[in-house]
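Have a look at the structure below, then the notes.
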Amino acid sequence: MLDISPAGLQPALQNTQHKQSHSTNPTTQLQKRSTAKGTKRVNTSEAISAAAVAGLAERRLDWRHKAVPAAENGATHADFLAAKHTLSDFQTPLLTLDAAALQANADRLAEWCADHGVLLAPHGKTTMAPQLWTEQLNRGAWGITLANFAQLRVAREFGVRNLQLANSLTDPHAIQWVAEQDSTILSWVDSVDTVALIERTLADTDSVLDVLVELGAHGGRTGARGVDAAMDIARAISASPNLRLVGVSGYEGSLAHTADDAGLAAVRGYLAQMRLLHEELLAADLYGSGSVIITAGGSAYFDDVVTVLSPCISTTAEAAPTVSHSLKVDLMIRSGAYIIHDDGFYRGISPFSRVGDQPFTAGMHGWARVVSQTEPGLAILDAGKRDLPFDEGLPEPQLIGSTLGGAMEPLVGAEITSINDQHSFMTFDAGTTTVRPGDVIRLGLSHPCTAFDKWTVIPVLADSTPGGDQTVVDLIHTFF
C-alpha cells in the first residue's frame with residue numbers, strides 16, 4: 001500500500017544563497033537575492049506538503065470522476081477506501097494501478113541511483129500525481145521535474161520545494177512567477193534571445209534565476225545546436241545580472257526511439273557532446289555556482305547517461321585546474337515513466353529490460369468490456385482514445401473473463417487493430433476463442449505519460465492479478 005502519510009516522507013536539505021558567491025548550491029537556491037537566507041534543515045513538509053497531499057483524502061468523489069462507481073457518488077476519498085471496494089465494484093472502461101508494481105519500480109530506480117551516485121529528479125509530467133511524487137521523494141529524489149508553467153503551479157500548490165523546469169522560460173508571466181517563488185526552481189536556456197527576454201522581464205528587479213544551458217542536436221527537439229552555440233549562450237548567462245549558470249542540460253530521448261546499435265550510437269554521441277560542453281564551461285570558468293548539475297536521462301537510456309557522464313561527477317569540491325574556485329558536480333537523471341512502466345514501449349526499451357536484470361514491472365492496466373460482437377473474429381470494446389494511451393503502440397489484449405474482478409484466462413492471438421474516440425477494434429481467432437458481449441478484457445498498455453492525463457482519479461489495486469487481492473488500497477488524484 002502506498003504511504004502518503006506525513007511519516008512516509010523523508011527530510012530534505014535546502015540551502016539558500018546569493019548569485020555572487022561561487023559556493024552557492026543551485027539545488028537549494030532562493031530566487032530573490034533580497035530575501036536570501038542561510039543554510040537550514042527543513043522538515044518533510046518543505047520537501048512536499050504532507051498536509052496538502054493528505055488532504056486529498058477529504059476530496060469528494062462524484063460524476064466528474066469517471067472511474068468512480070455511481071453508487072459512491074458524494075463519498076470522500078477516505079470513505080471510499082474504508083469501504084474496502086474491489087475491482088468488481090467498478091465499471092468499464094477503467095484504468096487501474098498495481099500497488100506492488102509501483103513500490104517495486106520506485107524502489108528499484110532509487111536503489112540504482114544511490115548505487116551509482118547520481119541524483120534523481122523524476123519527471124512529474126508522467127503522472128501529475130502528488131501522491132506518487134511523494135513516493136519518489138520519500139525514496140530520496142532530489143525534487144520533481146516538470147514541463148511547463150501550469151505543471152509548476154500544481155507542484156507549488158502541493159508544496160514541492162525543489163523543482164526543475166525541463167524547458168526554457170519565455171512567457172513573461174511565468175518568468176515573473178518563478179522569480180517570486182521561495183523555492184528552488186531550475187530552468188533551461190537554449191538561446192541568447194531567451195537570455196535577453198528574461199533580462200527584459202526582470203529588468204526592474206534584483207531577482208536571479210538559476211539556469212542550465214541546454215545542448216540539443218540537429219534533428220532533435222530543443223537545445224542549442226552544437227557546443228559552440230551553447231558556449232555563446234553560457235557567456236550571455238554569465239554576463240546577465242538576472243541569471244546564474246548552474247549546469248548543463250539535455251534530452252537524449254529525442255534523438256533515438258530504439259535500443260539498436262544505431263539508436264544507442266546516436267544517444268552516446270550526443271551525451272559525449274554534453275560532456276565536452278561541461279569541460280569547456282569549466283575551462284572558461286563560466287559556471288556561476290560552486291555546485292553544478294549535469295542532467296539528462298529519461299526512462300529509456302538512463303544507463304548510457306550514467307556511463308558517459310558519470311566521469312564528470314565531483315563530490316570532493318576540488319578546484320579544477322583552470323578554475324580559481326572549487327566545484328561540486330552532480331549528475332541528475334529525470335526518469336518519470338519508470339514508476340508506472342508499461343507493457344509496450346518501455347517494456348522493450350528500458351535499460352533493465354535490455355540487460356535482463358530485475359526489470360521494472362508494468363504497473364498499469366486497462367479494463368474494457370465487449371459492447372458488440374456482430375462479425376466473426378471481431379469484437380468492439382468500450383474503451384477508446386479518451387480512455388487509454390495509443391501514441392506509442394495500441395493496447396495489448398491479455399486476459400478475458402465474463403465479469404470484472406472475476407476469473408480470467410489468457411487471451412491468446414487477440415489484437416487491437418485500431419482505436420476510435422470511445423471504441424477499440426479487437427480481432428481474435430473465432431475458431432479457438434469465444435468472445436461475447438459483456439465479456440471483460442484486461443489490456444496491457446504502452447506509454448504511461450499519455451495514460452494518466454485521461455483520468456482524474458485512478459484506483460490502485462493491491463494486486464492486478466485475477467485471483468489475487470484486488471482490493472482498492474488507494475485512489476490516485478491527477479492534476480493535468
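The values are calculated or read from the model by the stated rules, or taken from the named source; none is laboratory data. All values reported here derive from a predicted model rather than from experimental measurement. Cβ coordinates were reconstructed from backbone atoms using ideal geometry, including for glycine residues, and neighbour counts include every protein chain displayed.
Descriptive notes on the structure:
- Lone unmet requirement of (1) under 18 Å from the mean Cα position of the chain (by Cα); (2) touching a residue at least 12 places away in the same chain (Cβ under 8 Å); (3) not in a loop (DSSP other than H, G, I, E, B) for Ala78: (1)
- Residue pairs meeting the criteria (Cβ under 9 Å; at least 6 apart or on separate chains; first within 20 Å of Gly348 (Cα to Cα) and in contact (Cβ under 8 Å) with a residue 60 or more places away in the chain, in the stretch 389-415; second of a type in the set (Lys, Arg) and not in a loop (DSSP other than H, G, I, E, B)): Pro389/Lys454
- Considering (1) among the aliphatic types (A, V, I, L, M); (2) over 30 Å from Leu132 (Cα atoms); (3) not in a strand (DSSP E or B), the lone condition that Val306 does not fulfil carries the number (2).
- For Gly143: the one exception among (1) surrounded by fewer than 17 Cβ atoms within 10 Å (Cβ to Cβ); (2) touching a strand residue (DSSP E or B) at 6+ places or on another chain (Cβ under 8 Å): (1)
The rows are residues; the columns are (1) modelled with pLDDT of 50 or more; (2) under 21 Å from Gln164 (Cβ atoms); (3) of a type outside the set (A, V, I, L, M).
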{"position": "Ala12", "(1), (2), (3)": "no, yes, no"}
{"position": "Arg60", "(1), (2), (3)": "yes, no, yes"}
{"position": "Asn73", "(1), (2), (3)": "yes, no, yes"}
{"position": "Leu81", "(1), (2), (3)": "yes, no, no"}
{"position": "Asp89", "(1), (2), (3)": "yes, no, yes"}
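- Screening Leu97 on (1) out of contact with any helix residue (DSSP H, G or I) (no Cβ under 7 Å at 6 or more places or on another chain); (2) in a helix (DSSP H, G or I); (3) under 23 Å from Asp343 (Cα atoms) shows it passes everything except condition (2).
- Flag for Leu209 being in contact (Cβ under 8 Å) with a residue 24 or more places away in the chain and buried (at least 23 other Cβ atoms within 10 Å of the Cβ): yes
- Residue match in the stretch 363-375 (condition: hydrophobic (A, V, I, L, M, F, W, C) and under 26 Å from the mean Cα position of the chain (by Cα)): yes
- Residue within the stretch 423-434 that is surrounded by 19 or more Cβ atoms within 10 Å (Cβ to Cβ), at pLDDT 95 or above, within 31 Å of the chain's Cα centre (by Cα) and closer than 21 Å to Ala100 by Cβ present: no
- Selection count where residues are surrounded by fewer than 21 Cβ atoms within 10 Å (Cβ to Cβ) and either closer than 16 Å to Ile237 by Cα or of a type in the set (A, V, I, L, M) (or both), scope the stretch 176-190: 1
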